[in-house]
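Novice: I have a structure I would like to understand better, so I am pasting it below and will then ask my questions one at a time.
The values are calculated or read from the model by the stated rules, or taken from the named source; none is laboratory data. Just so we're clear, the structure is a prediction, and the values are computed from it rather than from any experiment. In this analysis, Cβ positions are derived from the backbone assuming ideal geometry, glycine residues included, and neighbour counts consider all displayed protein chains. Only protein heavy atoms, including side chains, enter the accessible area calculation; ligands, DNA and RNA are left aside. Shrake-Rupley method; radii C 1.70, N 1.55, O 1.52, S 1.80 Å.
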Amino acid sequence: MKWEGNRESDNVEDRRGEGGDGGGGGFGFGGRTIGIGTIVIALVGGWVLGVNPMTILSMLSGGGGQVGTQQSQAPTRQTRQPPESDELARFVKTVLADTEDTWTALFKAEGGNYVRPKLVLFAGSTPTACGTGQSATGPFYCPGDQKVYLDLDFFNLMQQRFKVSGEFAQAYVIAHEVGHHVQNLMGLSEKVDNARRTATERQANAMSVRLELQADCFAGVWAYHANAERKILEQGDVEAALKAATAIGDDALQRQAQGHVVPDSFTHGTSEQRVRWFSRGIESGRIAQCNTFEAKQL
């Protein structure tokens, strides 16, 4: 992936080296973390039953909501930037900047205003508006403070546990979490959150699947436009991202964790679904192609 020399975002907060703060407890869905990171917990946690996508087809049939903002509830703290000598942090800052440029242009084209999320680097644990963030959760997005949280050790986990490597695969992880921020700005996260409060576990899981697959598609949309504008892709990059999407499918994770697959327990989508929706985004570059909530077949 070609990224050296591109703009670096100043919207990265470095909390590495700080002591973990337990305030806030665990995560609930109201203002909860949403993201790719929950797959790590899924490897060691119990699998919850239920898929029934019909419930949200009518709920979101009107399409995306209005672009808006959400009041931050995060703890006030002094922002510290990563050191310039930290190449991996510089890579993260560059990828974040690229998503900022892409989504700002896409929102502007639709008459909207893109509110840039902050990305927090941490190690171990850190306080968030959604409760205490843990490294074991992996990367996640908190709608309550509009921040993406990332422990860089997750990239080592990708390589060691999931056999996935490459900078573009890492960029896909960041872009997926930013995709959840885009959903938040569009009002989709709030709609799903409200619907889940009165839903069964089966219905709630179905909503999670569609939310995750749309974030995959949004990551593909970013990659399409970033490459068109800045020529970031090199040979093998797309294949690396597709391998990452395959590795974190619910079916692949269940097979790795327990030796067999329980389709009714999926909350993130199968490997094939994640690959397909990311591919749809990167091939079309169109937000309209990412409407998982009205798709009859995922």
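Novice: If I model a spin label as a point 7 Å beyond the Cα along the Cα-Cβ vector, how far apart are those points for Glu87 and Arg7 in nm?
Specialist: Roughly 2.5 nm, to one decimal.
Novice: Write down the accessible area per residue of segment 138-253 in Å², having rolled a 1.4 Å probe over the full set of protein chains.
Specialist: I get 32 Å² per residue for this part.
Novice: Take peptides 181-191, 150-160, 226-236 and line them up by average Cβ neighbours within 10 Å, highest first, as a rough protection proxy.
Specialist: Values: 181-191: 22.5, 150-160: 17.5, 226-236: 14.8.
Put in order of decreasing packing, that is 181-191, 150-160, 226-236.
Novice: Give the peptides 108-115, 123-130 in descending order of average Cβ contacts within 10 Å, highest first. Display every interim value, and only then the final one.
Specialist: Values: 108-115: 12.6, 123-130: 21.6.
Order by mean packing, descending: 123-130, 108-115.
Novice: Using a 7 Å offset from the Cα along the Cα-to-Cβ direction at both Lys163 and Ala228, what is the distance between the two label points in nm, to one decimal?
Specialist: Using points 7 Å along Cα→Cβ, the separation is 3.5 nm.
Novice: Arrange the peptides 201-207, 136-142 so that the one whose residues have, on average, the most other Cβ atoms within 10 Å appears first. Numbers along the way, then the final one.
Specialist: Values: 201-207: 20.7, 136-142: 24.7.
Highest to lowest by the protection proxy: 136-142, 201-207.
Novice: I've got another one for you. What value in Å³ per residue do you get for the convex hull of the alpha-carbon atoms in segment 154-246? Write out the running numbers ahead of the final one.
Specialist: Details: hull volume 9.3 nm³, N = 93.
With only Cα atoms used, segment 154-246 gives 100 Å³ per residue.
Novice: May I pose another question? Which residues in segment 98-131 have a backbone N closer than 16 Å to a point placed 7 Å from the Cα of Glu18 along the Cα-to-Cβ line?
Specialist: Within reach of a label on Glu18, which here means backbone N under 16 Å from a point 7 Å along Cα→Cβ, segment 98-131 contributes 118-131.
Novice: Which percent of the accessible heavy-atom area of segment 109-167 goes to carbon and sulfur, probe 1.4 angstrom? Please report the intermediate quantities before stating the final value.
Specialist: Values: 880 of 2090 Å².
Taking all protein chains in place, segment 109-167 shows 42 percent carbon and sulfur surface.
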